[in-house]
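These notes concern the structure reproduced below.
The values are calculated or read from the model by the stated rules, or taken from the named source; none is laboratory data. Please read all numbers here as calculations on a predicted model, not as lab measurements. So basically every Cβ, Gly included, is an ideal-geometry build from the backbone, and we count neighbours across all protein chains shown.
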Amino acid sequence: MTQKRWQLAHGRHLDLGDRAVVMGVLNVTPDSFSDGGLFIEPGPALAQARRMTGEGAGIIDVGGESTRPGAAAIGAQEEQARVLPVIENIAASEETLISVDTYRAETARRAVQAGAHIVNDVWGLQREPDLARVAAETGAGLVVMHTGRDRQKLADAIADQLQFFEKSLGIARREGVRDDQVVLDPGFGFAKETAEENLDLMARFSELLALGFPLMVGTSRKRFIGTVTGRDAAERAAGTAATSVILRLKGAHLFRVHDVAINVDALAMTDAMLAREATRKGAG
């Protein structure tokens, strides 16, 4: 797989390609769909961050507002009160890369000041376009996620992805964000209403490589995995790991998950096989 260097805030970078990178989910929220309320206090949140890092997570993604369908909206001040102390604690005690899961420009700016290296925007810059300026000014890595919420989607899933990302990348470039700061995420589960729609996106995932950007995926514990396996959210680690393997084989670089260890192991085996396959082809 072609190596790509992802430029991040605070002089950091991440090389993507030969080895899959796992991003551990740290929800400091009372109402996230599978772990709400578990890590809302800074102490338990830091302990969970350390646990995920110890299991092999290369990035910790800190989010203060639930993005599950029907979740109650909160204001910027409440979001910042939740995430900033946690980011500061992780930054002070760990070398781990930190991502902030927010679509708000001011939260993103303050999070980077607190020590975050990456901004993960589930609205793909299309709710608060000023977030792009924050990334440009701070040098933060930027995850631009596709969503079908609050808009009319195209009938063809990949055509809709391409149209959405064209608009998002236009916003980013106009504000001065460099391409080497950007990772794209197709947004599994975000207004992909049926299991079939998510499975179709998985099946056609490699078509997104034509965009030329590293790709992150967030299938962890999503409803479509429950539809296929019949398991509740807390029991979907194995199903998530299966999707991670499939999407790694189709070209994904980063994997945002709740259950770090099982995904790290599954992806390590996948990478070992891919490396061996490349060696055999080279020898031939």
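Things worth noting here:
- For segment 52-94, taking the residues that are modelled with pLDDT of 90 or more and polar (S, T, N, Q), the one that is surrounded by the fewest Cβ atoms within 10 Å (Cβ to Cβ) is identified as 77.
- Among the residues of segment 267-280, some residue qualifies, meaning at least one is surrounded by 21 or more Cβ atoms within 10 Å (Cβ to Cβ) and under 29 Å from residue 48 (Cβ atoms).
- Residue in segment 136-148 that is farthest from residue 204 (Cα to Cα), counting only those that are out of contact with any helix residue (DSSP H, G or I) (no Cβ under 6 Å at 6 or more places or on another chain) and outside any strand (DSSP E or B): 137
- Set 128, 197, 193: member being under 26 Å from residue 226 (Cβ atoms) and not in a helix (DSSP H, G or I): 193
- First in segment 131-154 and among the charged types (D, E, K, R), second anywhere and in a helix (DSSP H, G or I) and buried (at least 24 other Cβ atoms within 10 Å of the Cβ), Cβ under 6 Å, 6 or more apart: none
- Residue in segment 238-253 that is touching a Pro at 6+ places or on another chain (Cβ under 7 Å) and modelled with pLDDT of 95 or more present: yes
- Selection status of residue 280, at negative phi and assigned to a helix (DSSP H, G or I): yes
- Residues satisfying the stated conditions in segment 97-125, i.e. among the small types (Gly, Ala, Ser) and assigned to a helix (DSSP H, G or I): 105, 108, 111, 114
- Answer residue from segment 1-51, given it is within 30 Å of residue 279 (Cβ to Cβ) and modelled with pLDDT under 95 and is surrounded by the fewest Cβ atoms within 10 Å (Cβ to Cβ) among those: 3
- Test result for residue 247, assigned to a helix (DSSP H, G or I) and not hydroxyl-bearing (Ser, Thr, Tyr): yes
Results for (1) buried (at least 23 other Cβ atoms within 10 Å of the Cβ); (2) more than 14 Å from the chain's Cα centre (by Cα); (3) of a type in the set (Gly, Ala, Ser), shown as yes or no for each residue.
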| residue | (1), (2), (3) |
| --- | --- |
| 188 | yes, no, no |
| 191 | no, yes, yes |
| 194 | no, yes, no |
| 198 | yes, yes, no |
| 219 | yes, no, no |
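- Cβ separations smaller than 9 Å between residues 6+ apart or across chains give the following pairs from segment 68-87 residues that are closer than 19 Å to residue 115 by Cβ and among the small types (Gly, Ala, Ser) to residues that are assigned to a loop (DSSP other than H, G, I, E, B) and at pLDDT below 95: 81/64.
- Cβ-Cβ contacts under 6 Å between residues 6 or more apart (or on different chains), taken from a first residue in segment 11-26 that is closer than 15 Å to residue 1 by Cα to a second residue that is crowded, with 21+ Cβ neighbours inside 10 Å and aliphatic (A, V, I, L, M), are listed as 20/267; 21/254.
- Test result for residue 151, at pLDDT 95 or above, assigned to a loop (DSSP other than H, G, I, E, B) and not polar (S, T, N, Q): no
- Residue selected from segment 223-243 under the condition among the basic types (Lys, Arg) and surrounded by fewer than 23 Cβ atoms within 10 Å (Cβ to Cβ), by the criterion nearest to the chain's Cα centre (by Cα): 223
- Scanning segment 200-215 for residues that are assigned to a helix (DSSP H, G or I) and either touching a Gly at 6+ places or on another chain (Cβ under 6 Å) or surrounded by fewer than 21 Cβ atoms within 10 Å (Cβ to Cβ) (or both) yields a total of 8.
- Among the residues of segment 131-166, those identified as β-branched (Val, Ile, Thr) and either under 20 Å from residue 217 (Cβ atoms) or surrounded by fewer than 18 Cβ atoms within 10 Å (Cβ to Cβ) (or both) are 143, 144, 147, 158.
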